[in-house]
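Below: the structure, in structure tokens.
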Amino acid sequence: MAGVRHPYSSLVSAITGAVLIIVAGTAGAQGDPKRGQKLFENCAACHAADGKGNEVGPGLSGVFGRKAGEREDFRYSPALKRSGITWTPQTLDNFLADPQKAVPNNRMPFSGIPDARERADLISYMQQAFK
Ligand code: HEC
């Protein structure tokens, strides 16, 4: 490899880079957002469907990339505020699998979604609805 600079090598690395970005962009989002929308009914009792206002739970719009417990207008548990979590598809997946295990003593009264496939569907929906 080293030393031989093929005329197409920069093109090849550009393509490789693009493929990596596509792969990274879809990682954790292979779910089906249509099925995810249905699954969000489990959350909608407490989280507004449009993500805006707070209900029993905090509004979730803009949740990806935000630190846990950061909405100024919602009274979170000390446990969630101190968790140090930044919400990404991966951290959300871990939280939703078993909220009390992920963040002991948080105040979200929800037992979790054990099925990884369902979590992937739900998270891909949330990425569209609450980005
Ligand atoms: C029975 C009410 C209830 C249900 C059902 C519920 N939540 Fe929550 N959720 C809450 C409450 C209350 C909090 C705040 C917890 C705390 O402060 O410890 C919360 C917090 C969260 C947070 C953290 C938000 C932030 O700003 O840090 C996320 C993400 C979340 N819920 C997602 C979901 C999803 C997805 C579902 C459905 C699978 C769901 N919740 C189901 C009440 C609920």
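Listed by first and then second residue, the pairs linking a residue in the stretch 40-52 that is in a loop (DSSP other than H, G, I, E, B) to a residue that is away from the ligand (no atom under 11 Å from the Cβ), with Cβ atoms under 8 Å apart and 6 or more places separating them unless they lie on different chains, are PHE40/ALA49.
A single entry from ALA27, ALA14, ALA18, ALA45 fulfils the requirement of being of a type outside the set (D, E, K, R), within 30 Å of PHE74 (Cβ to Cβ), loosely packed, with under 13 Cβ neighbours inside 10 Å and modelled with pLDDT under 95: ALA27. Do you know which residues across the stretch 75-102 are within 19 Å of GLY59 (Cβ to Cβ) and within 7 Å of the ligand (Cβ to nearest atom)? Answer for the stretch 75-102, where residues must be within 19 Å of GLY59 (Cβ to Cβ) and within 7 Å of the ligand (Cβ to nearest atom): TYR76, SER77, LEU80, TRP87, LEU92, PHE95, LEU96. The helices (runs of 4 or more DSSP H) located wholly in the stretch 71-120 that include 1 or more residues which are in contact (Cβ under 8 Å) with a residue 24 or more places away in the chain and aliphatic (A, V, I, L, M) occupy 78-81, 89-97.
Per the conditions (1) more than 9 Å from the ligand (Cβ to nearest atom); (2) assigned to a loop (DSSP other than H, G, I, E, B); (3) out of contact with any Leu (no Cβ under 9 Å at 6 or more places or on another chain), the sole criterion not satisfied by PHE64 is (3). Counting the residues of the stretch 103-131 that are within 22 Å of ARG75 (Cβ to Cβ) and under 14 Å from the mean Cα position of the chain (by Cα) gives 1.
The values are calculated or read from the model by the stated rules, or taken from the named source; none is laboratory data. In this text the structure is predicted, and so the values were computed from the model without any measurement. When we count neighbours, we look across all protein chains shown, and the Cβ atoms used for this are built from the backbone with ideal geometry, even at glycine.
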